[in-house]
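Peer 1: Please find one structure pasted underneath; my questions will follow.
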Ligand code: MCA
Ligand code: AMP
C-alpha cells in the first residue's frame, strides 16, 4: 500500500455511486462524489503550500467538506488537526502555535479574529466556504483525481489536543496504524456492513464522531445520516430509516425524555452504542424497558481510541464498559504498574496498535504516562471481574466530563487564580441531569478587592469555550486541605455537589 490510511478508508469508495452522507436538506452525497471532492481539496491544500507531515488545523462547523478535508489530508499526507468549534480565539492561538500548523482552516463568520490567530502563529489562513480566499473555492476548479502521496503506517495522521492535569493542552499524535487498526477492529466487532445507516449527530472534531463513527462507516462502506448537531426531533424522524446510532449518554437521556421515542420508532435499529462518559445503569435499564434494545457501552480515550467494548452477540452488562478489544491488552495496575488480582480496583493501563505515538513536543510527559513495557497509563480507575468485564469506577486524574466533553479543572483554576480578589480557587464537577456533570468554581477571597463574580464570569467567557465555563460560583474564606496541604476536592464535592 502506498498510503495505508487513504488506501484502507477512502480509495475503495472511488467510483461507488452508493449513498455516503444523507444531509438535512434531503440531498445525498455519494461515496464517489465524496472521494472526488476530497481529491479537489487535496489539490487546494497543495495550492496553499501544504506538504506531507504539515499540520492542518481545522475549526469549522460540521459539513461534508470538513469530512472531505480529513480525506484530503490523508491523501496529501498532511496531519489533520480538528478543533472544537466552541474554542475561543485565545484557546485556538495555543493550538495553532503549539502544533506549528502550516494552515488554519476556519469558519468564515470568524474570519477577522481567526486570520489574526493564524498569522500570529506563522500559519496560512483559509475558510471553508464559497468566498474568495477559501479552500472550497480553490477546490471547485480542481481535478477530481489526485496522486495519493505515499505514506507509511507509522506516519502521523492526526493530532487531537487533550487538556491535562497540568493545565496545558497536549497534542496527542495518532499514526495511520492507530486509526486503521481500531476502526477495523470495531467494524468487525460491531458487525457494521455496507447495509448500515448510522445516525451521526456527534461533532467530528473528536475521537468519537471522527475516528469511531466515521472511520467505522468508511471501512464498512455504509451511509450516515449526517446531522449538524444533536436534535432529538431530527433523530426521531430519521430513526425508522437507520440501523444504528453512536452517542454520548446525553443523547440517550434526551431521547428517553421524549414520549415519541419507543419500540415502533426503533424497530429498524439493530445497534445503539454509548461512550465518552459513564452511562448510568439506570439509563441502560430504562432504555431497554422502553425500546427492547440493550445499549452497547464501550470505553476509550483520545490517546488510545477505543479500548474495551461490551460484546455484540454476548451479554451487554449495564454499568460496565465490557471486555478489552481483541487486539488490546488491558491490565488493572497498582501505582508501579504491577497487575492487580481480578476484582481489585486500580489504574487502567492499555497496550496495543491503538495506543498513540506520544504528546507532540512533550517527551517527558509522554514518558510519564507510558510504562517501559509499552502500556499506557490511562488515569482511569477500574476493576475487572472474573469474566473480564471492566467497570470504570472513577478517575485518578482530576477531570470533569460534561456532555461528553472533558474539562480539566487545572486549566480553569489557573485563570481564576489570576482574577482580582481571588487568593486561590478549586473547580469541581457537580451532578447535572442533562450533561452528567458541570463545573462549579469555589473561590477564596483574598486581601485585595472584593471578588466580583459577574466580572469573573465575563473574563472566563472570553478565555475559554462556553462548555468549560463554571455554571456556578461560591466564594469562601478557605479551602479544605488535608495534612499534606492538598485541597480536598472530595470534601468540596460533598458540600456543593448536589
Ligand atoms: C453545549 N453546551 C454545553 C455542552 N455542549 N455545556 C456543557 N457541556 C457540553 N457538552 C452549552 C452551549 O455552550 C450552550 O450554552 C448550551 O449548552 C446549548 O448549546 P447547544 O449547542 O445547543 O448544546 P447541545 O446541542 O444541546 O449539545 C449538548 C451535547 C453536545 C449534545 C451533549 O455537547 C455533544 O454533542 N456532545 C458530544 C461530545 C463528544 O462528542 N465527545 C466525545 C469526545 P449557553 O446556552 O449557555 O450559551 S471523544 C471521547 O471522549 C473519547 C475518546 C470517547 O471515549 O469517545
Ligand atoms: P478524552 O480525553 O476526550 O479522550 O476522554 C477520555 C476519557 O473519557 C476516559 O479517560 C474516561 O475517563 C472517559 N470515558 C470514555 N468512555 C467512557 C465510558 N464508557 N465510561 C466512563 N468513562 C468513559
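Peer 1: Out of all the residues in region 61-84, which are modelled with pLDDT of 95 or more, within 16 Å of residue 465 (Cα to Cα) and assigned to a loop (DSSP other than H, G, I, E, B)?
Peer 2: If the condition is that a residue be modelled with pLDDT of 95 or more, within 16 Å of residue 465 (Cα to Cα) and assigned to a loop (DSSP other than H, G, I, E, B), then 83, 84 are the ones that fit.
Peer 1: In region 29-43, is there at least one residue being in a loop (DSSP other than H, G, I, E, B) and surrounded by 16 or more Cβ atoms within 10 Å (Cβ to Cβ)?
Peer 2: So far as region 29-43 goes, no, none of its residues is in a loop (DSSP other than H, G, I, E, B) and surrounded by 16 or more Cβ atoms within 10 Å (Cβ to Cβ).
Peer 1: Checking residue 425 against (1) within 14 Å of ligand 1 (Cβ to nearest atom); (2) surrounded by 20 or more Cβ atoms within 10 Å (Cβ to Cβ), which test does it fail?
Peer 2: Condition (1) is where residue 425 drops out.
Peer 1: Let me ask something else. All but one of (1) in contact with a helix residue (DSSP H, G or I) (Cβ under 6 Å, 6 or more places away or on another chain); (2) surrounded by fewer than 16 Cβ atoms within 10 Å (Cβ to Cβ) hold for residue 461; state the number of the condition that does not hold.
Peer 2: That leaves (1) as the condition not met.
Peer 1: Which one of the conditions (1) part of a loop (DSSP other than H, G, I, E, B); (2) within 16 Å of ligand 2 (Cβ to nearest atom); (3) out of contact with any strand residue (DSSP E or B) (no Cβ under 8 Å at 6 or more places or on another chain) does residue 194 fail to meet, given that it meets all the rest?
Peer 2: Of everything listed in (1) part of a loop (DSSP other than H, G, I, E, B); (2) within 16 Å of ligand 2 (Cβ to nearest atom); (3) out of contact with any strand residue (DSSP E or B) (no Cβ under 8 Å at 6 or more places or on another chain), residue 194 misses just condition (2).
Peer 1: Could you list all residues from region 371-430 that are more than 10 Å from ligand 2 (Cβ to nearest atom), part of a loop (DSSP other than H, G, I, E, B) and closer than 18 Å to residue 330 by Cα?
Peer 2: 371, 372, 373, 374, 375, 385, 386, 387, 388, 389
Peer 1: A further question follows. Suppose the filter is more than 24 Å from the chain's Cα centre (by Cα) and within 22 Å of residue 14 (Cβ to Cβ); does residue 121 pass it?
Peer 2: no
Peer 1: Return the pair list, or none, for Cβ contacts closer than 6 Å from residues in region 298-321 that are closer than 16 Å to residue 378 by Cβ to residues that are near ligand 2 (Cβ under 9 Å from one of its atoms) and modelled with pLDDT under 95, at least 6 apart or on different chains.
Peer 2: 302/162
Peer 1: Within region 381-394, is there a residue that is modelled with pLDDT under 95, within 14 Å of ligand 1 (Cβ to nearest atom) and at negative phi?
Peer 2: No.
Peer 1: Mind listing whichever residues of region 263-310 are in contact with a helix residue (DSSP H, G or I) (Cβ under 6 Å, 6 or more places away or on another chain) and part of a loop (DSSP other than H, G, I, E, B)?
Peer 2: Those that are in contact with a helix residue (DSSP H, G or I) (Cβ under 6 Å, 6 or more places away or on another chain) and part of a loop (DSSP other than H, G, I, E, B): 263, 265, 266, 268, 276, 277, 279, 294, 295, 302.
Peer 1: With (1) crowded, with 19+ Cβ neighbours inside 10 Å; (2) away from ligand 1 (no atom under 13 Å from the Cβ); (3) assigned to a helix (DSSP H, G or I) as the list, and residue 255 as the residue in question, which single condition is left unmet?
Peer 2: With (1) crowded, with 19+ Cβ neighbours inside 10 Å; (2) away from ligand 1 (no atom under 13 Å from the Cβ); (3) assigned to a helix (DSSP H, G or I) applied to residue 255, the lone miss is (2).
The values are calculated or read from the model by the stated rules, or taken from the named source; none is laboratory data. None of the values given here were measured: they were computed from a predicted structure. FYI the Cβ positions are ideal-geometry reconstructions off the backbone, even for glycines, and counts take in every protein chain you see.
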